[in-house]
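For reference, the structure discussed in these notes is given below.
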Amino acid sequence: MANIPSWIDFSASSPDVAEHLIGATFLVGGIGGRIVETEAYDREDPASHSFSGQTRRNAVMFGPPGRIYVYRSYGIHWCINFVCRGEGHGAAVLIRALEPTAGIDVMRTRRGLENVRLLCAGPGRVCQALAITYEHNGMEIFAPPFQLLAATEPIDVARGPRIGISKAMDVPWRFGLKGSPFLSRPFKPA
């Protein structure tokens with residue numbers, strides 16, 4: 001496995017990792033931006049792909065931590081997750097939105113739109129803008145073409161229920177950069 005820096009511990013719980021990723025910079029081949037929204041999933045969570053046990057589709061989710069888990073949502077959009085917890089556990093963090101900071105023109109071409117705010121506002125949009133596909137499934141987070149860099153300033157994190165799911169909808173495992181215009185959907189006031 002690539003050398004994982006000390007600022008993040010992918011063996012921690014998925015909610016801890018999800019919250020800690022807010023403000024970090026994620027790049028694929030030098031294209032990407034600041035992570036502004038994540039969601040945590042765990043094998044004890046009925047909304048998680050790992051809830052019913054390991055399958056061929058979700059095997060990467062069972063570790064080792066620090067890997068990329070890519071799946072197709074609704075048969076249309078690729079979604080990227082960062083695997084966490086111990087090997088064999090089945091937990092990951094969905095990257096829901098980025099604030100584009102690097103390679104914006106490339107992302108605009110890939111997404112076919114100009115509005116920077118919408119380039120990476122949603123997990124399918126993130127993958128399209130960063131050209132992430134199933135070919136990335138199982139790769140190490142800290143090995144090329146990926147770069148994951150710690151936040152460089154203090155972060156104010158919002159927390160609330162996850163969105164776009166039909167089970168465990170009240171679990172507050174969605175995290176976001178407070179006030180960011182790049183979220184897939186605003187957080188509801190507490």
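Per-structure values
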| item | result |
| --- | --- |
| 1.4 Å probe accessible area per residue over the chain, in Å² | 47 |
| Length added when fully stretched, Lys188-Asp105, from 0.36 nm per residue minus Cα-Cα | 26.7 nm |
| For Gly124, net neighbour charge (Lys/Arg +1, Asp/Glu -1) across residues whose Cβ lies under 11 Å away | +4 |
| Shape of the stretch 110-163, Cα gyration tensor, a/c cut at 1.5 | oblate |
| Sites matching GluC sites (Glu not before Pro) across the stretch 83-190 that sit in DSSP coil, with at most 13 neighbouring C-beta atoms within 10 Å | Glu87, Glu114 |
| Accessible area of Arg117 in the full protein assembly, 1.4 Å probe (Å², nearest 10) | 100 |
| Relative contact order of the chain, defined on C-alpha pairs under 8 angstrom at six or more residues apart (%) | 28 |
| Surface share of carbon and sulfur [accessible, 1.4 angstrom probe, percent] for the stretch 62-151 | 51 |
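The values are calculated or read from the model by the stated rules, or taken from the named source; none is laboratory data. Since we're looking at a predicted model, the values are computed, not measured. Every residue, glycine as well, gets a Cβ built from its backbone with ideal geometry; the counts of neighbours run over all protein chains shown. For accessibility, only protein heavy atoms count, side chains too; no ligands or nucleic acids. Shrake-Rupley method; radii C 1.70, N 1.55, O 1.52, S 1.80 Å.
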